[in-house]
Amino acid sequence: MNTDVLVVGAGPTGLALALDLARRGVSALVVEKAEGLFPGSRGKGIQPRTMEVLDDFGVLDAVRAAGAPYPVGMIWQDGERAGEHRLFEAGEPTESEPFQGPWMVPQWRTQEILFTRLRELGGEVAFGRELVGIAQDADGVTARFASGAPVRARYAVASDGGRSAVRRALGIGMTGETVDPQPMLVADVRLTGLDRENCHVFPPTGDQGFMAAWPLPGTEDFQLIAQFEEGTVPDLSLDGIRKLVATRSHLAADAVTEVRWASDFRPRAAMADRFRQGRVFLAGDAAHVHSPAGGQGLNTSVQDAYNLGWKLAAVLRGEADAALLDSYEEERLPNAAAMLGLSTGVHRGEVRRGEATAQLGLGYRGCSLAVETRTDAAEGALQAGDRAPDGVRGGVRLFDAFRGPHWTLVAVGTDLPDLPGYSLHGVRIPPYEAYGTGLFLVRPDGYVGWAGASAEGLAKYAARVGA
């Protein structure tokens with residue numbers, strides 16, 4: 001079988017990438033070792049920047065309907081409510097940043113929403129396809145599987161998780177550290193005796209680690225999280241989890257009526273030594289593994305896909321030179337490294353969840369695709385490489401103008417230039433403080449690629465990047 005892009009792994013990263021490629025008319029095949037989508041709630045926090053991506057993908061309404069804001073934490077002590085704790089510092093939505101604070105959706109539900117949208121766009125996932133080998137040459141990639149025919153693709157993307165078979169087959173190293181030697185349990189359970197308006201936190205006592213129960217919106221489940229002493233192997237059975245709950249809370253063992261999914265892990269932070277080898281790219285957990293404490297893993301992974309999708313499409317359609325693909329590692333590796341440091345800091349209690357974890361401040365200033373031609377841009381002004389803000393001016397909502405797989409040229413307080421031969425989507429708005437004045441060419445992933453006071457150099461840049 002032949003395809004343009006082989007995507008290995010049907011987690012949030014692989015589904016987001018395949019969806020992005022599908023809406024650009026690129027042939028992509030997603031293969032998944034398991035027989036179905038991941039069943040657990042693990043990555044349940046969707047950060048504001050990812051909400052903007054999901055808006056662009058056309059699934060924001062479904063995500064909103066499936067989730068809810070994070071509840072206030074209720075701290076329990078000796079069976080009594082001892083006080084409240086807000087886990088996140090979130091401001092009020094603004095015109096330029098319409099989403100504030102994380103949105104809680106179980107990971108399995110996020111994946112269902114992305115999968116449904118992918119199928120609406122004509123895409124599909126081949127389940128039960130375990131990759132056992134991958135080779136590449138000057139023209140493409142050949143993947144072999146435990147069963148079934150091999151697949152030939154022009155490019156391949158490893159989105160197959162922290163134990164990535166593709167990464168291991170390529171011999172790409174993973175460098176990192178153990179964030180916390182104490183093992184963690186995470187499980188989706190049904191239980192009685194706790195309200196669903198709060199996250200219930202049971203602080204550590206004696207030799208017992210902490211435990212927390214998060215009500216998962218749109219379900220009858222709670223996500224149970226518990227920490228254990230180093231060297232312990234958590235018991236993931238129904239009896240084991242019942243004993244855990246009875247030992248660490250005021251609830252009786254039979255309050256746990258069902259265990260729907262359970263897993264254990266050791267929090268770690270690790271990053272692949274590189275994100276690309278020839279025609280194969282690493283994305284998501286295959287490229288970087290986070291502690292879950294900062295709520296950054298799934299979100300950074302979706303951002304990888306959002307960055308790579310438009311670049312692959314531009315090269316495959318012959319709109320840009322293959323050199324454009326070099327910018328993926330250039331842009332994403334430093335951002336992943338920063339998010340790894342942030343996640344680790346949150347886990348260790350050194351960093352408060354808030355503005356940094358929202359990912360709205362991430363950008364690509366100084367990278368090769370960020371071309372700033374103004375020499376007099378005011379300090380603090382929007383520049384090439386920055387996230388393009390939302391806002392409504394002159395009857396135009398900017399996020400509505402950006403939505404879709406196209407580039408958008410925004411003329412702020414000036415006229416749109418005439419660029420013969422280019423089909424840029426252009427909008428003209430009056431002066432807007434979030435932008436200043438000038439011309440801003442906004443990439444398909446919502447970042448300013450080029451900025452200038454006039455159109456000089458714009459056509460050359462647009463040709464280079466496939467705009």
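The values are calculated or read from the model by the stated rules, or taken from the named source; none is laboratory data. Not measured: the values here are computed from a predicted model. In this analysis, Cβ positions are derived from the backbone assuming ideal geometry, glycine residues included, and neighbour counts consider all displayed protein chains. For the accessible areas, the whole protein counts, side chains as well, though only heavy atoms, and no ligand, DNA or RNA atoms are used. Shrake-Rupley method; radii C 1.70, N 1.55, O 1.52, S 1.80 Å.
For the stretch 458-467, the Karplus equation 6.51 cos²θ - 1.76 cosθ + 1.60, evaluated at θ = phi - 60°, returns couplings of 5, 4, 4, 5, 4, 5, 5, 9, x, 7 Hz by residue, with Gly and Pro reported as x.
For the chain, DSSP calls about 70 percent of its internal beta bridges antiparallel. For PHE145, the residues whose amide H sits under 5 Å from its own are VAL132, ignoring neighbours fewer than 5 places away on the same chain, with H placed 1.01 Å from N. Evaluated at q = 0.25 Å⁻¹, the base-10 log of the normalised Debye intensity for the stretch 25-82, with identical point scatterers placed on the Cα atoms, takes the values -1.13.
Net charge near VAL5, counting Lys/Arg +1 and Asp/Glu -1 over other residues with Cβ under 13 Å of its Cβ?
+4
With r defined as the distance between the Cβ atoms of ASP264 and ASP326 and R0 fixed at 41 Å, what FRET efficiency is calculated, to the nearest 0.05? Plugging the Cβ-Cβ distance into 1/(1 + (r/R0)^6) gives 0.60. Hydrodynamic radius of the stretch 156-285 by the Kirkwood approach over all distinct alpha-carbon pairs: 16.7 Å. Just report the Cα centroid separation between the stretch 375-437 and the stretch 14-47, whole Å. Each part's Cα centre sits 31 Å from the other's. For MET339, the solvent-accessible surface computed with a 1.4 Å probe is close to 10 Å², ligands and nucleic acids excluded. In terms of packing, defined here as the mean over residues of other Cβ atoms within 10 angstrom, the peptides 272-281, 156-165 line up highest first as 156-165, 272-281. Note on ARG163 and SER237: their simple-model spin labels are 2.2 nm apart, each label 7 Å out from Cα toward Cβ. Each peptide in 190-197, 139-146 gets a packing score, the mean of other Cβ atoms within 10 Å over its residues, and the list from highest to lowest is 139-146, 190-197.
Dividing the summed -39500 (n - 2.57) terms of all DSSP H runs of n ≥ 4 by the residue count of the chain sets its mean residue ellipticity at 222 nm at -7500 deg cm²/dmol. Listed values for the stretch 14-22 are Karplus-derived 3J(HN,Hα) couplings in whole Hz (6.51 cos²θ - 1.76 cosθ + 1.60, θ = phi - 60°), namely x, 5, 4, 5, 4, 4, 5, 5, 4, and x replaces Gly and Pro.
Descending by average beta-carbon neighbour count within 10 Å, the peptides 11-19, 218-226 line up as 11-19, 218-226, the highest first. With Cα atoms defining each centre, the stretch 247-321 and the stretch 226-246 are spaced 25 Å apart in the structure. Applying the Karplus relation 6.51 cos²θ - 1.76 cosθ + 1.60 with θ = phi - 60° to the stretch 120-135 yields 3J(HN,Hα) values of 4, 8, x, x, 8, 10, 9, 7, x, 10, 8, 6, 10, x, 8, 9 Hz, where x marks Gly and Pro.
Please report, largest first and rounded to whole Å, the three semi-axes of the ellipsoid equivalent to the stretch 59-125, where each semi-axis is the square root of five times an eigenvalue of the C-alpha gyration tensor.
So the three semi-axes of the stretch 59-125 are 33, 18, 7 Å.
The stretch between ASP195 and GLN208 holds 2.3 nm of extra length on full extension. This uses 0.36 nm per residue minus the Cα-Cα distance. Taking amide H as placed 1.01 Å from N in the peptide plane, the amide H of ALA126 sits under 5 Å from that of VAL30, VAL31, GLU32, each at least 5 places away or on another chain.
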